[in-house]
1. Calculate the spin-label point distance for Leu134 paired with Glu57, positioning each point 7 Å from the Cα along the beta-carbon direction, and give it in nanometres.
2. Take Asp96 and Glu47, extend 7 Å from each Cα along the Cα→Cβ direction, and tell me the distance between the two endpoints in nm.
3. Could you tell me the relative contact order of the range 69-140? Use alpha-carbon pairs under 8 Å, at least six residues apart, and round to a whole percent.
4. At a 10 angstrom cut-off on C-beta neighbours, averaged per residue, how do the peptides 102-109, 23-30, 65-72, 151-158 rank from highest to lowest?
5. If DNA, RNA and ligands are ignored and the probe is 1.4 Å, what is the ranking of Arg76, Arg42, Arg97 by accessible area, most exposed first?
6. Using only the alpha-carbon atoms, what does the range 15-169 span along each of its principal axes? Please give whole angstrom values in decreasing order.
7. Figure the gain on full extension for Arg21 and Gln119 (residue separation times 0.36 nm, minus the Cα-Cα span) and round it to one decimal in nm.
8. Taking the radius of gyration and the Kirkwood hydrodynamic radius from Cα positions alone, what is the Rg/Rh ratio for the range 1-96, to two decimal places?
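The values are calculated or read from the model by the stated rules, or taken from the named source; none is laboratory data. Keep in mind that this is a model prediction, so the values were computed, not measured. Virtual Cβ from ideal backbone geometry, glycine too; neighbours counted across all protein chains shown. Calculation scope for accessible area: heavy atoms of the full protein, side chains included, ligands and nucleic acids excluded. Shrake-Rupley method; radii C 1.70, N 1.55, O 1.52, S 1.80 Å.
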Amino acid sequence: MLAADPGASIASIAAAAGVDRRTVYRRFASREDLLAAIHQSRLAAIEDAITDARLREAPVAVALHRYVENIITVNRTWPVDLSLMLTDDAVRTRRDRSVHEVDTFLRRATDEGLLRPDQPEGWPGVLLPQLMHLVAGQLPHLSAAQAADVVVDTFLHGTGARQPRQPLE
């Protein structure tokens, strides 16, 4: 509900959940506390997704697909406005650790030849989350595994037909 309407009131959230707003306030003292709990749950899900993908140990292609599938599930389960989430310093620090883990994996993927080394520095780490976010929202009819197939294929091969590069004049 908060993903669709970030300004949703506790009363409307409680009504949508089928409980009295006092029930929500017994668990969360304020709307900000509710948002903080949602952000913490999303971060925990991201950390679990990274751990489950075994980015350091699994073969690179396997780890990439598993990570993407897991994050698509997280994006669909916790569709949180990231700009609001990242205003909290503790949340941002925790998220930065996850980003570092993925960036390290993407360097490994480049070193092992899965990704091209001629891309701008950091580009894979910028592109991959955008693709996962897009497919989670734009292709809801696909399972997480099918959506991961789309993301990984697009990430690794792009959408254009491969053609030999023409020399610049």
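1. If labels sit at Glu57 and Leu134, their model points lie 3.4 nm apart.
2. 1.6 nm
3. Working: 24 pairs, mean separation 34.3, N = 72.
It comes to 48 percent, rounded to a whole number.
4. Numbers: 102-109: 17.2, 23-30: 12.8, 65-72: 22.8, 151-158: 15.1.
By packing density, highest mean first, the sequence is 65-72, 102-109, 151-158, 23-30.
5. Values: Arg76 80, Arg42 20, Arg97 145 Å².
In descending accessible area the options line up as Arg97, Arg76, Arg42.
6. So the extents along the principal axes, rounded to whole Å, are 68, 35, 32.
7. On the way: separation 98, 0.36 × 98 = 35.28 nm, distance 5.11 nm.
That pair, Arg21 and Gln119, stretches by 30.2 nm at full extension.
8. Details: Rg = 15.9 Å, Rh = 14.9 Å.
Radius of gyration relative to Kirkwood radius: 1.07.
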